[in-house]
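Report on one structure; see the data block that follows.
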Amino acid sequence: MLFQRPSDDILYDALIARDPSYEGFVWVAVKTTGIFCRLTCPARKPKRENSTFYETIAECLEAGFRPCNRCRPMLKLGETDPVVTRLIDALDADPMRRWSEGDVSALGVDPSTVRRAFKRQFGMSFLEMARLRRMGKAAEVLNDGANVIDAQLDAGYESGSGFRAAIARLFGEAPVRLRGKGLLRADWIDTPIGPMIAIADTHALHILEFAERKALPAEIRRLQEASGSGIVMGRYPPIDEIEAELKAYFSGQNKGFRTRLAEHGSPFQRQVWQALRDIPAGELRTYGALASDMNRPSSTRAVAGANGANQIAIVIPCHRVLSADGGLTGYGGGLWRKRWLIEHERRMAER
């Protein structure tokens, strides 16, 4: 079931009061500075509209925020594991470093011990945390107006050739070899819950996914095969349109999405995706209820499969579907994002 917590207004009051009762349960992320803090942090308090509250450090990192240097939210108060402290200090000193298990061993620490300690305290391994710190730093560079390629290089590719190799693995061919072909364009869209990648042609949006979705490379390969097109970094109008609509959505404006979508999927899948779009923001369905809404009560399993095949996140709101017992399940962008989106839309509906 969804985790119940105090409202953001109550949490903001606790932030202003530096209330220690939420220590270890809630952290505040500040949009204007890109950092996250304990609620007891001695730093100057942010404005209400610039404050976002998260229930785990992992969520803060996954959303692209970096830890505060004053209150050091990554370290537990009172019971600090010396192994954790040592590696957090090393990570704070060089957040752009690409760590490996060999680097951990070189510090005289057993990698399996480190993995268990970080999983126990943060719910993620040290190497996962280091990767998220690099991504957060890259997002910060992008926010400062840097070129997207420079940001990706800063995120951990030691050379231009390394970046081109990564693009080749993702899009199938090195960009220089795609000249003269029919091209789709791809670009990053930054959101409060992590970067998304959008792929479009001149008329419609083909893919909108969180960059960390494991199925993204397979989706891109299928798109290339189906369209016969190469993909290069850049923008067509549908990407600008969906970015503006996402900005309104994340700011709490429930205006809906009007960007034209490409017609992928089987007729049944498209029927499921339209049924998802018919669910009002702030409301939820189970897979069975969605099948009944479509007058296909015996097709629950097929509906769930079509739900998972959706490659237009948020716009086709597969996050509004729960398991039969009302629990969170099956979201490619991560269950923490699914919960965030549900709570965000609940607040929008209440307003």
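The values are calculated or read from the model by the stated rules, or taken from the named source; none is laboratory data. Source: prediction; values computed, not measured. When we count neighbours, we look across all protein chains shown, and the Cβ atoms used for this are built from the backbone with ideal geometry, even at glycine.
Every condition in (1) modelled with pLDDT under 85; (2) buried (at least 18 other Cβ atoms within 10 Å of the Cβ); (3) assigned to a helix (DSSP H, G or I) is met by residue 104 except one, and the failing one is (1). Condition test on residue 272, is it assigned by TED's automatic domain parsing to the domain that holds residue 344 and surrounded by 15 or more Cβ atoms within 10 Å (Cβ to Cβ)? Spelling it out, residue 272 is indeed assigned by TED's automatic domain parsing to the domain that holds residue 344 and surrounded by 15 or more Cβ atoms within 10 Å (Cβ to Cβ).
Scanning segment 31-67 for residues that are in contact with a Cys (Cβ under 7 Å, 6 or more places away or on another chain), crowded, with 20+ Cβ neighbours inside 10 Å and aliphatic (A, V, I, L, M) turns up just one, 35.
Taking the criterion of being closer than 23 Å to residue 132 by Cα and touching a Gly at 6+ places or on another chain (Cβ under 6 Å), the residues of segment 195-231 that qualify are 210, 213, 215. Here segment 20-55 is the region considered, the condition is being closer than 16 Å to residue 8 by Cβ and in a loop (DSSP other than H, G, I, E, B), and the residue that is modelled with the lowest pLDDT is 25. In segment 252-269, the count of residues that are surrounded by 16 or more Cβ atoms within 10 Å (Cβ to Cβ), part of a helix (DSSP H, G or I) and among the polar types (S, T, N, Q) is one or more.
Condition (residue is in a helix (DSSP H, G or I) and touching a strand residue (DSSP E or B) at 6+ places or on another chain (Cβ under 9 Å)) applied to segment 277-284: is it met by at least one residue?
Step one: filter segment 277-284 for residues in a helix (DSSP H, G or I), giving 277.
Those still in the list that are touching a strand residue (DSSP E or B) at 6+ places or on another chain (Cβ under 9 Å) too: none.
There is no residue in segment 277-284 that is in a helix (DSSP H, G or I) and touching a strand residue (DSSP E or B) at 6+ places or on another chain (Cβ under 9 Å).
Within segment 243-256, at least one residue is of a type in the set (Ser, Thr, Tyr) and without any contact (Cβ under 8 Å) to a residue 40 or more places away in the chain. Consider residue 176 carefully, then state whether it is under 26 Å from residue 316 (Cβ atoms) and either at pLDDT 50 or above or out of contact with any Phe, Trp or Tyr (no Cβ under 6 Å at 6 or more places or on another chain) (or both). Answer is no for this residue. The set of residues in segment 80-134 being of a type in the set (Gly, Ala, Ser) and within 25 Å of residue 27 (Cβ to Cβ) consists of 90, 93, 117, 123, 125, 130.
Tallying residues that are acidic (Asp, Glu) and within 12 Å of residue 54 (Cβ to Cβ) within segment 334-348 yields 1.
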